[in-house]
Amino acid sequence: MVHTNTASECPKEMIALKMAQTEKLLPGNQNSVSMDSSSVDMKQLSTHAGSKGRTQHRQTSKPSKRENICSIGSSSSDAPTAVKKRVVPTFHRKASGLKEKTKNKPEKLSQMSIEQVMGTTHRVSGALVQAAKTVTSMSPSELAKLQEIISESSEMLMMLTYTDGSTQLREPNEPRKRASASLHEEGVANSVLVAIQRKAAKKEYMFVSFPLAGLGKENASEATRNVLLEILQSSTRKVCFDAQELMHAIIINYSLDPQSGCNKWVIMDPKIACWLLDPDNPPVTFSGMLKTFVTGKYNDQAPNNHLTHLELLGLVMGDLTNKLQRKNLWELFINLEVPLIPILAGMEVQGIQVNQKMLISYSNILKDEIKDVEKQCYKEAGHPFQITSHIQLRQVLFVELKLDEQCPGQKLARTNVQNLKSTSETVLHKLIDLHPLPELVLTHRQLVKLKSTYLDGLSDYVSGGYIHTSWDQTSAASGRLQSSNPNIQNIPKQPLQLHKDANGSVVNETTASSTTPATTLWMREPFYSHDGWSFFAADFQSIELRILAHLSQDAVLLKVFNDAGSTDIFVQLTCEWLGLNLDDVKTADRERTKRIVYSVIYGVGAERLAETLNDTKENAKAFTKSFLVKFKGVNTFAQRCISECQRHGHVKTIFHRHRLISNISSQNFHVRSHAERQAVNFVIQGSAADICKLAMIHIMKVLSEKNTVRARLLVQIHDELLFEVHDEDINEVKGILKTVMESTPTLGESICQLKVPLPVSLSYGKTWGHLKQMV
DNA sequence: CTAGCGTCA
DNA sequence: TACTTGACGCTAG
C-alpha cells in the first residue's frame, strides 16, 4: 500500500497494511520496491521502446490444476483445458520503431500533462516505502476494509508482474536469450498489481498485490479470489495495458470459467485506444506507446517504480480517452473493443481439441508422397536438386530446360524486388504443357506446404490434446481479429485428393482420372469435439458484398439480396457464367466465383484477372467492364470513398472506425492507386469486422445469460464463429445463434441498420473437417 | 484486388 | 550462429 501524504492522514487500517512485510512480492526487482535502491530514470523505461528484433516469447503459467476451468453454465464438464502457451504481444517481433516512422504520430501530450505526470510521480516516490500489500497475507478485517475501499474507489490501475521482475509496463532490462531456453524460467506471470485510487483523496493509493505464480490451492483462498473478482466486476474505471493478457493470466491461475463470468469484465486498454487512433501503427510495448506521446521528455530525473508506471498508465488513458472522444471513436472503443477483451482471453484459455495422432499419421502419408514426387522431379530434371529452392528451380527450368523460350508471346512474371524470373504458381501453370516438371513442382509445393504448415506446424502446438491459439485484437488495420501461434484462421478448407496413377506414382487431383482410387485428406479433420458435444459453425453469408450493397445502394445488388428466398449470390453468378444448373455448382467453383467478384470489386488489374480467369487480358478487361456496368453503384461508391479520403486523410467504417491513408494524394500513380484500393477496401472490410465483432459480443452475452445452454466459443474466422455445443442443447443454440446473429444490425442503434438482410448459415458436426449444413 | 500469418532459402 | 528479408501460398472477404 502506498499513500502519498503523511501517515497521520491514513486510516488505522491502512497503516497496518503499510507495515506488513512485503519483500517477497517483487523478487529480483529491488529497484522498483523503494526509492533508495532505485536510480533508474525514465530514460531506461523508454530505451525498450522501439527496440526491435525482440522475438522472444513469454508464457503465462502454468502446469497444475485444470479441472473446473471450462465448465460452461452447469457445474459439471467433461472438457479439460490444457496449459496455454501464450505468446504475449508485448514481446512480439513487430518492430514498432520501423513501422512507426512512416505514419503520422499522435499529438504529443500537452505540456500540462507532462508536468502533472512528473510532479505526481515525484511526490509519490517521496513516500516512505513503496511496496504492495499481498492480499493473501491479509487478515479478515483487512480484507473487509480493502473491499470497502474498492467499492468506494474512483479508479483502479492494474498490471501483471513477471517472475523475472519485468511488468506489463516495463520490459526486462536484459534481452532474453532464447525463447525456448527460457520458457520455464522467465516471463511467467507472477502477480497482479492494483493501485486503487481512493475517492476521498485523489492522489492516495491502496496498492495491493494478488499472487499468481505457484498459486497453491491453499493460497488461492476463496477470500482472495473474491476480492480480485470484486475488483474485476466493480463499476470503477479500470485501466490496464494489454488487459487481455491480464485476464488470461487471472482466468488460468484462479481456475475461472473462461467463458461465462468474465465476459462482464470491463478494463480500459490504452493499447487498444492507440490502435484505434492509428490502426496502422499499433503500440507494442507500454514504453513504446509513451514514446509516441511524450517524445524526448524522459531526461527528467524520474523514479522507476511500479506505482509510478501505474500512475502514468492512468494519465495516458485519460489523455487517450479525450482523444477517442474528439475523434468520435469512444463508442467503438467502449461498446465494441473493450467488451471483446474478455471474450478473446476466454477463447485463448478454452482452446480447441486436436487429434495429434491424426496429424502425425497424415504427415507420414504426405512424407511418402513427397518422396515419390521428388524422385520424379529428379528424373525429369536429369539430376537431383533442391525443389524448394527458387534459385535452383530457376536454374533447372530456365537455364537447363529453357522452358521460358518455348512459350512464345507469353510474358512470364518477374519477382517483385530482384526482378528475377518468377517460379510462382501462375508461371508454372503456363509451362505445364511444355514439360512434366512444372506440374510435379506444383504438386510438391502443395504437399510440402500442407505437411509443414498444417500438419507438422500444428502438431508442434498441441499440448495436452489442445491447441491454444493467440488472439490479437490490435494487429489488423482493418479491425479484423487475428490469430497466431498457430494461425487457426488459414487452415485449408478444401480437401486434398491423392491418387495413384497406373505407374503407382502420385499425382494430384487435376491430372488423375476420376476412376483411380483416391485418398482424401481434410486438414480440419484432426480438430474434433468432446464426447457428447459437437462443433457448431455460424457464418454470415457474403457479408462484404451485402455491406457493399448497403453502402453503395446499388439497385441491382440491393434487389439480389432483398429478394426473399433467392439463392446464394456466388452460386447464382457461377450458374450464369458457366451455364450450369443451380444444383451442379461445386463448392470449388463457387469459391472461384467469390474470389473473382471480390477481386473485381476491389480493383483487380486486367493482367492478374486474366490469370485467374485463365483467359486473355482483353477478355478480362471486358469482363471487368461488364461487371461494373451491371453493378453501377460499385464504382460511384469507390469514388466516394476515395474523395472522402482525399478530403480528410482518412476513411471511416459504419461504426466510425477510421484508417489514415496518407498516400491517397501521392504523386506516384502506383502508390496512389494502391492507397485508393486500400481506402475502398477498408470501408467495407472494416465495416464487416465491426458487425462481426458486435455479433460476437451480443451472442456471448445472450449465451452467458442463458446459463442452461452449454456452448462455448472456440474460434472466430472473420465472418464465422465456431462453437462447441452440448448435443442436448444443439436445437436451442441453433435458434439462439440464428436469431441473435441475424438481428445484429438492429443493435448498433441506428448506425448499422442495413438496407439488406444479413442471413446466417449454420452447420455442425463432430469434426471440423466436414460440417453438415443445417436447414 | 484487400486484409493477415507461417515456412523456407 | 542468429537474425532479417523476399518469395510463396494458405485463409477471409
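Overview of values
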{"item": "Semi-axis lengths (Å, descending) of the ellipsoid that matches the C-alpha gyration tensor of region A:620-770", "result": "38, 18, 15"}
{"item": "Average accessible area per residue (Å²) across region A:356-461 - probe 1.4 Å, nucleic acids and ligands excluded", "result": "56 Å²"}
{"item": "Residues with amide H under 5 Å from that of residue A:155, placed H, sequence gap 5 or more", "result": "A:197"}
{"item": "Protein accessible area in region A:580-717, 1.4 Å probe - carbon and sulfur %", "result": "50 percent"}
{"item": "With DNA, RNA and ligands ignored, accessible area of residue A:317 (1.4 Å probe; Å², nearest 10)", "result": "0 Å²"}
{"item": "5 angstrom amide H check on residue A:715, placed H, neighbours 5+ away", "result": "A:722"}
{"item": "Centre separation in Å (Cα based) which lies between region A:478-494 and region A:549-570", "result": "28 Å"}
{"item": "Cα extents of region A:356-461 along the three principal axes, largest first (Å)", "result": "49, 31, 20"}
{"item": "Whole-percent pair-distance distribution, where bins are 5 Å wide, for the alpha carbons of region A:565-619", "result": "4, 20, 27, 23, 17, 8, 2, 0"}
{"item": "Stokes-Einstein D for region A:270-402, Kirkwood Rh over Cα pairs, 20 °C, 1.002 mPa s (µm²/s)", "result": "103 µm²/s"}
{"item": "Exposure rank, largest accessible area first [A:672, A:326, A:394; 1.4 Å]", "result": "A:326, A:672, A:394"}
{"item": "Within the accessible area of region A:378-508 (1.4 Å probe), percent carbon and sulfur", "result": "49 percent"}
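The values are calculated or read from the model by the stated rules, or taken from the named source; none is laboratory data. Quantities reported herein were computed from a predicted structural model and do not represent experimental measurements. Just the protein is used for accessible areas: all its heavy atoms, side chains included, with ligands, DNA and RNA removed. Shrake-Rupley method; radii C 1.70, N 1.55, O 1.52, S 1.80 Å.
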